[in-house]
Amino acid sequence: AKQSGKNVVQFYSRELKDSSLRRMELEAALRDAIENGEFELFLQPILDLSTGKVSQAEALIRWRRPDVGLVFPDEFIPIAEKTGLIIAIGKWVIQEASRLLSQLHENGQYIKLSVNLSPAQVSDRSLLHFIKEHIETNEVDPTYLELELTEGVLVNDFERINHFLSEVRKLGVSVAIDDFGTGYSSLSYLPKLPIDFLKIDRSFIGELIDSESNKAIVLAILAMAESLKLGVIAEGVEVESQKAFLSKHRCQSAQGYLFSRPVPFDEFCKLL
Ligand code: C2E
Ligand code: CA
Ligand code: CA
Ligand code: CA
């Protein structure tokens with residue numbers, strides 16, 4: 001009994017050690033990843049449902065780790081957020097998105113590109129200046145850049161967020177609320193903040209056809225967006241029936257595997 005008890009302890013401590021070692025390893029590698037040029041932005045098209053054409057794209061970060069392969073953001077963004085590395089990574093994302101936008105402009109493609117912002121970035125006082133600088137150096141039309149923020153960010157400190165978003169607007173950049181409907185927040189902030197788009201979370205779209213309550217939620221969001229004059233993007237559209245429902249109810253735009261997965265820039269250009 002004593003022996004097996006010891007084994008259990010060893011087993012658990014080894015597990016623990018493995019996971020904290022892995023975290024430390026990941027953190028160390030993450031620190032070098034920017035300098036080593038290991039990040040890449042994949043683009044996922046967003047379609048205008050009335051024309052069927054690609055009207056914009058979301059930039060989603062990928063990490064090409066040597067000897068490991070492609071690492072997805074769910075694995076490293078939370079660590080980057082905890083360690084503060086997200087500030088530097090987030091700046092790289094904006095810089096790279098501006099570069100891709102200017103390349104699209106050069107190719108004669110005027111489509112909007114949206115980037116995701118972590119909550120910590122909104123508190124970074126140098127961010128606005130950084131965005132302005134990169135728009136200018138890349139000679140990008142700022143109306144083609146959009147920032148995606150989750151609902152959670154908006155309710156934290158209303159005055160500060162309001163100021164931040166107003167400054168973003170002054171630059172000509174637009175703002176979308178990401179994962180809309182999942183934030184358990186009050187809706188009263190919506191008409192008070194300078195925002196442009198709502199992105200309906202894919203949890204509502206996923207079971208759209210079988211779930212009456214999800215249909216009701218989506219219809220309510222569409223009606224609310226219309227009366228507040230906000231654009232709407234439905235996320236996670238995977239099957240034709242979901243697209244048909246959204247089109248029928250005049251949802252402006254949609255994004256999801258039905259149209260395309262996020263792909264590298266060159267591949268994205270071929271979709272246009
Ligand atoms: P998100 O902003 O909600 O991005 C949408 C996620 O849904 C992406 O996962 C995308 O690949 C996935 N997706 C798109 N269409 C479908 C579909 O039809 N079905 C399903 N099941 N999934 C779909 P991804 O690229 O793995 O990104 C995960 C999350 O990581 C993002 O969620 C975002 O929160 C975060 N993230 C990605 N890039 C960045 C970034 O540059 N900065 C920050 N701060 N966060 C990022
Ligand atoms: Ca997003
Ligand atoms: Ca989302
Ligand atoms: Ca999300």
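The values are calculated or read from the model by the stated rules, or taken from the named source; none is laboratory data. Computed from a predicted structure; not experimentally measured. Here the Cβ positions follow ideal geometry from the backbone for every residue, glycine too, while neighbour counts run over all protein chains shown.
Reported count of residues in segment 32-90, each being of a type in the set (A, V, I, L, M), touching a Ser or Thr at 6+ places or on another chain (Cβ under 8 Å) and either under 18 Å from LEU147 (Cα atoms) or assigned to a strand (DSSP E or B) (or both), is 6. Figure legend. Inter-residue proximity from segment 174-188: first residues farther than 14 Å from ILE161 by Cβ, second residues more than 11 Å from ligand 4 (Cβ to nearest atom) and assigned to a loop (DSSP other than H, G, I, E, B), beta-carbon distance below 6 Å, spacing 6+ or different chains. Indicated pairs: SER174/ASP196. Among the residues of segment 201-216, those that are within 13 Å of ligand 1 (Cβ to nearest atom), in a helix (DSSP H, G or I) and not charged (D, E, K, R) comprise SER203, PHE204, ILE205, GLY206. Inside segment 228-272, residues that are free of Cβ contacts under 8 Å to residues at least 60 places away in the same chain, of a type in the set (A, V, I, L, M, F, W, C) and not in a helix (DSSP H, G or I) make up a count of 6. Considering (1) near ligand 1 (Cβ under 10 Å from one of its atoms); (2) of a type in the set (D, E, K, R); (3) assigned to a helix (DSSP H, G or I), the lone condition that ARG22 does not fulfil carries the number (1).
Here is a yes/no grid of residues against (1) charged (D, E, K, R); (2) modelled with pLDDT of 95 or more; (3) within 16 Å of ligand 1 (Cβ to nearest atom); (4) loosely packed, with under 13 Cβ neighbours inside 10 Å:
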site: ALA176; (1), (2), (3), (4): no, yes, yes, no
site: LYS199; (1), (2), (3), (4): yes, yes, yes, no
site: VAL218; (1), (2), (3), (4): no, yes, yes, no
site: ALA234; (1), (2), (3), (4): no, yes, yes, no
site: VAL239; (1), (2), (3), (4): no, yes, yes, no
site: LYS248; (1), (2), (3), (4): yes, yes, no, yes
site: CYS251; (1), (2), (3), (4): no, yes, yes, no
site: GLU267; (1), (2), (3), (4): yes, yes, yes, no
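Could we say that ARG125 is within 21 Å of the chain's Cα centre (by Cα) and surrounded by fewer than 16 Cβ atoms within 10 Å (Cβ to Cβ) here? Taking the combined requirement at face value, the residue satisfies it.
This table checks each residue for (1) more than 16 Å from ligand 4 (Cβ to nearest atom); (2) more than 17 Å from GLU267 (Cβ to Cβ); (3) of a type outside the set (Gly, Ala, Ser).
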site: MET24; (1), (2), (3): yes, yes, yes
site: GLU38; (1), (2), (3): yes, yes, yes
site: LEU49; (1), (2), (3): yes, yes, yes
site: LEU70; (1), (2), (3): yes, no, yes
site: ASP74; (1), (2), (3): no, yes, yes
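In the set GLU139, GLU167, only one residue is in a loop (DSSP other than H, G, I, E, B), in contact (Cβ under 8 Å) with a residue 24 or more places away in the chain and of a type in the set (Asp, Glu); that residue is GLU139.
Once segment 136-175 is narrowed to residues that are of a type in the set (Val, Ile, Thr) and more than 19 Å from the chain's Cα centre (by Cα), the residue that is nearest to ligand 3 (Cβ to nearest atom) is VAL140. With the structure loaded, tell me whether LEU222 is buried (at least 16 other Cβ atoms within 10 Å of the Cβ), closer than 27 Å to TYR144 by Cβ, within 20 Å of the chain's Cα centre (by Cα) and away from ligand 1 (no atom under 16 Å from the Cβ) or whether it fails that test. So LEU222 does not fit the description; no.
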